[in-house]
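To keep things clear, I will list the structure first and then write my remarks on it.
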Amino acid sequence: MSSRIIPVQPFDYVVFGATGDLTKRKLVPALYHRFKDGQFDETSRIIGASRSKLSEAEFQKLVRDALHTFVEKDYQDEATIERFVSICTYVPVDASKPDESGDLGAALRDDANIVRAFYLAVAPDLFEPIAEYLKAKKLYRRDSRVVIEKPLGHDLESSKKINDGVAKIFHEDQVYRIDHYLGKETVQNLLALRFANTLFEPIWNSAHIDHVQLTVAESVGAGTRGYYDESGALRDMIQNHMLQLLCLVAMEPPASDDANALRDEKLKVLRALRPITNGEVATKTVRGQYRGVSSETAKVASYQDELPEEKKGSRTETFVALKAEIDNWRWAGVPFYLRTGKRMAERVSEIAIQFKPIPHSIFDHAEGAPKANKLIIRLQPDEGVKLMMMIKDPGPGGMRLREVPLNLSFAETFSERTPEAYERLLMDVIRGSQTLFMRRDELEAAWSWVDPIREGWERSPDAPQTYTAGTWGPTGAVALIERDGRTWYEGTN
């Protein structure tokens, strides 16, 4: 066992929605990797629960198949897989028909030293019935934990309703609202970069930073997933993932790494976001929808072509760009430009911190003008941190200035496998660490800021701007940033 692996205490992890796609693609592989690395052993139990009438053997086959399908071949060890499968059991549970369900209580151990966690990998409308089922069956304990997945509502009102339903049974300190972006190693390294080094914090403010860009681009389309048309890019990405990234960039140093100390500072950022309302929606936001490509070399369907017939003409956005501003002393006058979309030029998630130019250049006769420094934090793929700096090009014959990166590549620096986000977050639940999970007031503050944008779009007669699949979005997104005399960072500029 690596010295970097800190074992967790034994647990009973109940996964509702155990036959669903999230469980097979993410949860089962994540738990397997933690088991393989020795973070827990056969003293723990993974208990699948869903409406399907499966036997334990059938569920174990589902787990085994998921591992063979979604775990990289290099990490598939058959002996370890069989050991892992042996701690997986299954109970058919229908929270709406508790009398027709199996005996989940019999699968749980009544031992205060064994952590009891419930992962609700189900639709949000089932959160409250499942919570009530656990209470009615006397499976709830004050020290148990519940993990809930997005979407946590489609606006502030519906979000409050979902959280109220869970809060009838579980206290806030028991609720873990998961956002897998916060479990990414590079996102956590943003905290280390800022608060474990003296280099950046003195210049992490409006006196030295010109603007900040956050990009989360996907090269895949929405496909035929029905839920996406009900959410769109604003709800699916901006309201949770991207606002959380913004908070980590912009927040004040917390007093400690205590979960509430950190979340208090994130909440302050969300509450300091300047509202985008009424006429500003048209000037500070852009929404787009991808159109298809048909050529000899490529054929990609448009978003409209992917929709079922009854949803044709949908105005759901597959792209959003917006300009956010934070009204506090640290960030006054520093715009934060956010953009996210489907079917974009490449899959990339990164944060670009653009510093201000030098106040005076002494290199009037040099070849190549000095460029302002940039700090690029790449979340995926090729995770790493890159600081763009000016140096003299080697050789005689005058001063030739060139921009070069100081490059920290995670893959090159750390030879070990980098754990996936769900691996960290699933174990944090067992540890009782809520640092990387959203608190309810954070969630509601994010909805309060996003709702006026959505309402402004709904009132507008304008449809989303179209953009060609495989590009960086509609022309309106370019205009959004260039009217401020800036340009989007795309890896080369």
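All of (1) in a loop (DSSP other than H, G, I, E, B); (2) surrounded by fewer than 19 Cβ atoms within 10 Å (Cβ to Cβ); (3) in contact (Cβ under 8 Å) with a residue 40 or more places away in the chain hold for E317 with one exception: (2). Kindly evaluate P275 against the criterion of being open to solvent by 30 Å² or more (accessible area, probe 1.4 Å) and touching a Pro at 6+ places or on another chain (Cβ under 7 Å). Spelling it out, P275 is indeed open to solvent by 30 Å² or more (accessible area, probe 1.4 Å) and touching a Pro at 6+ places or on another chain (Cβ under 7 Å).
Looking only at residues of the stretch 320-353 that are aliphatic (A, V, I, L, M) and more than 16 Å from G288 (Cα to Cα), we find that the one that is most open to solvent (accessible area, probe 1.4 Å) is A332. Once the stretch 167-191 is narrowed to residues that are of a type in the set (A, V, I, L, M) and out of contact with any Leu (no Cβ under 9 Å at 6 or more places or on another chain), the residue that is least open to solvent (accessible area, probe 1.4 Å) is V175. Are any of the residues in the stretch 142-163 part of a strand (DSSP E or B) and open to solvent by 30 Å² or more (accessible area, probe 1.4 Å)? Yes: the stretch 142-163 contains one or more residues that are part of a strand (DSSP E or B) and open to solvent by 30 Å² or more (accessible area, probe 1.4 Å). Looking only at residues that are of a type outside the set (D, E) and assigned to a loop (DSSP other than H, G, I, E, B) in the stretch 419-453, which one is farthest from D143 (Cα to Cα)? Here the residue is P419.
Here is a check on your reading of the model: is R225 basic (K, R), modelled with pLDDT under 95 and open to solvent by 10 Å² or more (accessible area, probe 1.4 Å)? It is true that R225 is basic (K, R), modelled with pLDDT under 95 and open to solvent by 10 Å² or more (accessible area, probe 1.4 Å). Checked against the criterion of being modelled with pLDDT under 90 and on the phi > 0 side of the Ramachandran plot, the stretch 402-419 contains not a single residue that satisfies it. For the condition in contact (Cβ under 8 Å) with a residue 24 or more places away in the chain and assigned to a loop (DSSP other than H, G, I, E, B), L139 qualifies.
L443: more than 18 Å from R235 (Cα to Cα) and either open to solvent by 40 Å² or more (accessible area, probe 1.4 Å) or not polar (S, T, N, Q) (or both), yes or no? Considered against the rule, which asks whether it is more than 18 Å from R235 (Cα to Cα) and either open to solvent by 40 Å² or more (accessible area, probe 1.4 Å) or not polar (S, T, N, Q) (or both), L443 comes out as no.
Taking the stretch 126-153 as the range and being in contact with a Ser or Thr (Cβ under 7 Å, 6 or more places away or on another chain) and more than 16 Å from L104 (Cβ to Cβ) as the test, the residues that pass are P151, L152, G153. Taking the criterion of being crowded, with 21+ Cβ neighbours inside 10 Å and more than 21 Å from L120 (Cα to Cα), the only residue of the stretch 1-39 that qualifies is Q39.
Selection within the stretch 268-299: residues that are part of a loop (DSSP other than H, G, I, E, B), at pLDDT below 95 and out of contact with any helix residue (DSSP H, G or I) (no Cβ under 8 Å at 6 or more places or on another chain). The member of this set that is farthest from A445 (Cα to Cα) is E296. Look at the stretch 465-493: where a residue is closer than 15 Å to R291 by Cα and of a type outside the set (G, A, S) and a partner is part of a loop (DSSP other than H, G, I, E, B) and open to solvent by 10 Å² or more (accessible area, probe 1.4 Å), sitting 6+ places away or on another chain with Cβ atoms under 6 Å, you get Y467/G473; T471/A345; W472/A345.
Mind checking which residues of the stretch 230-247 are among the aliphatic types (A, V, I, L, M) and either farther than 17 Å from V334 by Cβ or open to solvent by 10 Å² or more (accessible area, probe 1.4 Å) (or both)? Listed by number, the residues that qualify are A233, L234, M237, I238. Residues in the stretch 184-232 that are more than 22 Å from I453 (Cα to Cα) and either in a helix (DSSP H, G or I) or of a type in the set (S, T, Y) (or both): 19 in all.
Looking across the stretch 354-367, just one residue is among the polar types (S, T, N, Q) and either part of a strand (DSSP E or B) or surrounded by 22 or more Cβ atoms within 10 Å (Cβ to Cβ) (or both), and that is Q354.
The values are calculated or read from the model by the stated rules, or taken from the named source; none is laboratory data. These numbers were taken from a predicted model, which means no experiment stands behind them. So basically every Cβ, Gly included, is an ideal-geometry build from the backbone, and we count neighbours across all protein chains shown. For the accessible areas, the whole protein counts, side chains as well, though only heavy atoms, and no ligand, DNA or RNA atoms are used. Shrake-Rupley method; radii C 1.70, N 1.55, O 1.52, S 1.80 Å.
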